[in-house]
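First the structure, in the form of structure tokens, and then the observations on it.
The values are calculated or read from the model by the stated rules, or taken from the named source; none is laboratory data. If you're wondering where the values come from, they're calculated on a predicted model, not measured in any experiment. FYI the Cβ positions are ideal-geometry reconstructions off the backbone, even for glycines, and counts take in every protein chain you see.
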Amino acid sequence: MKKATIVLPTYNEGGTIEKVILAIFNESLQKPHWQVEIVVVDSTSTDSTGEIVKKLQKKHSNLHLIVTPKEGLGQAYIHGFTYAMEKLNSFVVFEMDSDLSHDPKKISEFLTEIEKGADFVIGSRYIKGGSIPENWAIYRKLLSGLGNIIIRLGFMSSKSADWTSGYRAIKTWVIKEAISYIQPYTGYVFQVALLDFAMKHKARIAQVPINFKDRTSGVSKINFSQTIVQTLWYVFSHSSFIKFFIVGTIGFIIDFAISYIFIEKVHTQVWIATLLSTETAIISNFFMNNFWSFAHKKVDHSMNSYAKGFFKFNLVSSGSIAIQTIGVQLLSSIFTRKLWYIYKVIIIVFVVIPYSYILYNKLIWKEK
């Protein structure tokens, strides 16, 4: 019988903790071939949370309590995960709120996805069947919805519609590999970091629709401004696409400068100047992408692998040269030559960057 452990971080959740625990145990009856354990990680609550859990422990041997300092959500989960793996030998661990925002009746659906082969199951508010509270203030809807869109665009990933969901089921092999990586993240950015790690390490992702409910007891622990800053910084500093965009911007500056010199100062033909400037930028982009943007899957340093990678890069990039050369020349012929730089910007941003990022990932910096 496989073991699933639900980790419940708490701080002053005396108003809901008993209802949550009893609901989880009741739902576990729907999966009799799973042994369900609960680990409450209490950050030294000042209310009755700890006493309620201790009272319930007398009736439930599969209920565990860990008391820790108040170190943030990420650290609370790490304490719970570690206990579940080392003391309980769990096959799956759950992340779940203790305030009834997450419906315990969904646990069976999560475990069904695990049984089908998923490594990381996300309770998503933003897929068909999922929802957020209608009475949420507009700023909360914008922060949550827009925030997830920004994260998805930043990582150029469609595997999850809800990166910030706190309702998850995760196989412990993922946690074991991720534990040192996620250790520094104490706040809610922990959720983004863990999912990012799982995706980059080829964990199979599945989603279950959830109807998120606002808490009816206690006080939210989210510091919105801190969470926004930390999450945006994480995406900015860990997204290959954003790094790729920065490298592309540098390449554009090189490209633009050479084009300007040859077109405006040397007065060469537009197509010749574009050809020279684009190829120079491509060489710069290859080295910066290999050692920065895609450093986690960079081309092997063997001469043979490096030569093949560089050849493929130039082969793919020849499409960029053709697109820019033909596009700029065509638009310059149809409209005015003086606006060549506007045509160049439009072509690079809306055609060349998406084209390049997709093909580079598929042909050169492939997942290993």
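Looking at F120, is it crowded, with 22+ Cβ neighbours inside 10 Å, at pLDDT below 95 and out of contact with any Pro (no Cβ under 8 Å at 6 or more places or on another chain)? No.
Conditions (1) touching a helix residue (DSSP H, G or I) at 6+ places or on another chain (Cβ under 8 Å); (2) among the basic types (K, R); (3) part of a helix (DSSP H, G or I), marked per residue:
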{"position": "S108", "(1), (2), (3)": "yes, no, yes"}
{"position": "L111", "(1), (2), (3)": "no, no, yes"}
{"position": "I114", "(1), (2), (3)": "no, no, yes"}
{"position": "E134", "(1), (2), (3)": "no, no, no"}
{"position": "Y139", "(1), (2), (3)": "no, no, yes"}
{"position": "L142", "(1), (2), (3)": "no, no, yes"}
{"position": "R152", "(1), (2), (3)": "no, yes, yes"}
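When E18, E86, E37 are checked against the criterion of being among the acidic types (D, E) and touching a Lys or Arg at 6+ places or on another chain (Cβ under 8 Å), E37 stands alone in meeting it. In the stretch 157-179 there is no residue matching the filter, namely being modelled with pLDDT of 90 or more, part of a loop (DSSP other than H, G, I, E, B) and basic (K, R). Filtering Y343, Y355 for residues that are modelled with pLDDT of 80 or more, farther than 23 Å from M199 by Cα and in contact with a helix residue (DSSP H, G or I) (Cβ under 7 Å, 6 or more places away or on another chain) leaves a single hit, Y343. Looking only at residues in the stretch 279-319 that are of a type in the set (F, W, Y) and at pLDDT below 75, which one is surrounded by the most Cβ atoms within 10 Å (Cβ to Cβ)? My answer is F310.
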